[in-house]
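Right, one structure below, let's go through it.
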Amino acid sequence: MARGDWTRLDESDVRVRPGKGTRPRSKRRPEHADAVTAMVIGKDRGRWTCAVDADPGRVVMAMRAREMGRVSVVVGDIVALVGDVSGRPDTLARIVRVDERTSVLRRTADDTDPYERVVVANAAQLLIVTSLADPLPRPGFIDRCLVACYAGGLEPVLCLTKADLASPDSLLAGYAGLDVPAIVTRHDEEPEGLRERLAGRITALVGHSGVGKSTLVNRLVPAAELATGDVSSVGKGRHTSVAAVALPLAGGGWVVDTPGVRSFGLAHVTADDIVDAFEEFAEAAEECPPNCGHLGPPEDPGCALDAVVSDGNAGADRLTSLRRLLVSRAGGGNSGGDIRAES
């Protein structure tokens, strides 16, 4: 056949070399209508432990489905599982979806670290555990945990341990303006008030090493058998919790024990995130100048929050407490006499 004589060709003369992939490309993904709902209660080396329907008696091991990519999955997340959800040994389900989170506890390594670490998802409250002695309380750390609560949508609760060694009065007085609920525990008494507070809710626990956090968890969930470390002679605790884990309470609810931390970075939190948690000041903050830090004069002479107090719509102690949290978020120490509310 002469070159270019296309009229004499038929379909038998046409040869099409198939591409490397013959499957049609599509952005549609399976809907997984048969997926079951579960709560993530632990993570270890790319595997997640999940409780089907948040039932501690139905535990399944799962991996993240390839279609999920690198979507973050943390303890407390509500996920959809497909595959083998029997929970039998050597079986593995797949996580195909993560539900929208109702709250998040985030922190960064320090205030300059741009990488946010989600510690716990969907917790209703954060129990900030601090000892009254051995080691001494660190109000700056408590303030930063409060900031993380307000920014992440959790309700903060103070838990003061070792009340048999020191009085909680002075520490509690420092947080009176924030109306934060507080529970005081002793080594020689059962934490009944704490049990009532946690019943039926998902509660994350955070605290420095050595404050008695793991001891509390062992009392609340005896089957947990968490290691408890002695405080060293210099007042520093040993890390006894190495990864976040959710543990079921006998009366319903979960406690999420988190690793002991030495720092709580807040690089992801803005001043407005904190002010928005204080309803009486949130609306007035919209009238502040751009980039206002809400600290008041002389740092922020045009701050509108002082007018809320002078108009009688909020107490001066409330504004002082708010500004102390703002100073803590910015990396400063406790407010002392520099942060004030004008009345």
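On full extension of the chain, what length is gained from Arg58 through Asp317, given 0.36 nm per residue of separation minus the C-alpha to C-alpha distance?
Roughly 88.4 nm would be gained on extension.
Pull up the DSSP beta bridges for the range 76-157 and report the antiparallel fraction as a percent, rounded to 5.
The antiparallel fraction comes to roughly 75 percent.
Return, ordered by residue number, the residues of the range 56-88 whose backbone nitrogen is under 19 Å from a label point located 7 Å along Cα→Cβ of Ala33.
Under 19 Å, as judged by backbone N against the label point of Ala33, lie 80-83 of the range 56-88.
Determine the equivalent ellipsoid of the range 45-196 by diagonalising the alpha-carbon gyration tensor, then write out the semi-axes as square roots of 5 times the eigenvalues, largest first, rounded to whole Å.
Square roots of five times the eigenvalues give 36, 20, 13 Å.
Would you list Lys162, Lys43 from the most to the least accessible area, probe 1.4 Å?
Ranked from most to least accessible, the order is Lys43, Lys162.
Just reorder Phe281, Phe141 by solvent-accessible area, largest first, 1.4 Å probe, all chains present.
The most accessible residue leads, giving Phe141, Phe281.
At 0.36 nm per residue, and after removing the present C-alpha to C-alpha distance, how many nm does the segment from Ala243 to Arg138 gain when stretched out fully?
My answer for the length gained is 35.5 nm.
By average Cβ neighbour count within 10 Å, what is the ranking of 213-219, 295-301 from highest down?
213-219, 295-301
Rank by packing, highest mean first: peptides 35-42, 320-327, with packing defined as the count of other Cβ atoms within 10 Å averaged across residues.
The densest-packed peptide leads the list: 320-327, 35-42.
On a 1.4 Å probe surface of the protein chains, which of Ser131, Ser167 comes out largest in accessible area, and what is the full order?
From most accessible down to least: Ser167, Ser131.
The values are calculated or read from the model by the stated rules, or taken from the named source; none is laboratory data. Note that the coordinates shown come from a computational prediction; the quantities given were computed from them, not determined experimentally. Note that each Cβ is placed from the backbone with ideal geometry, even for glycine, and that neighbours are counted across all protein chains shown. What goes into the accessible areas is simple: the full protein's heavy atoms, side chains included, and nothing from ligands, DNA or RNA. Shrake-Rupley method; radii C 1.70, N 1.55, O 1.52, S 1.80 Å.
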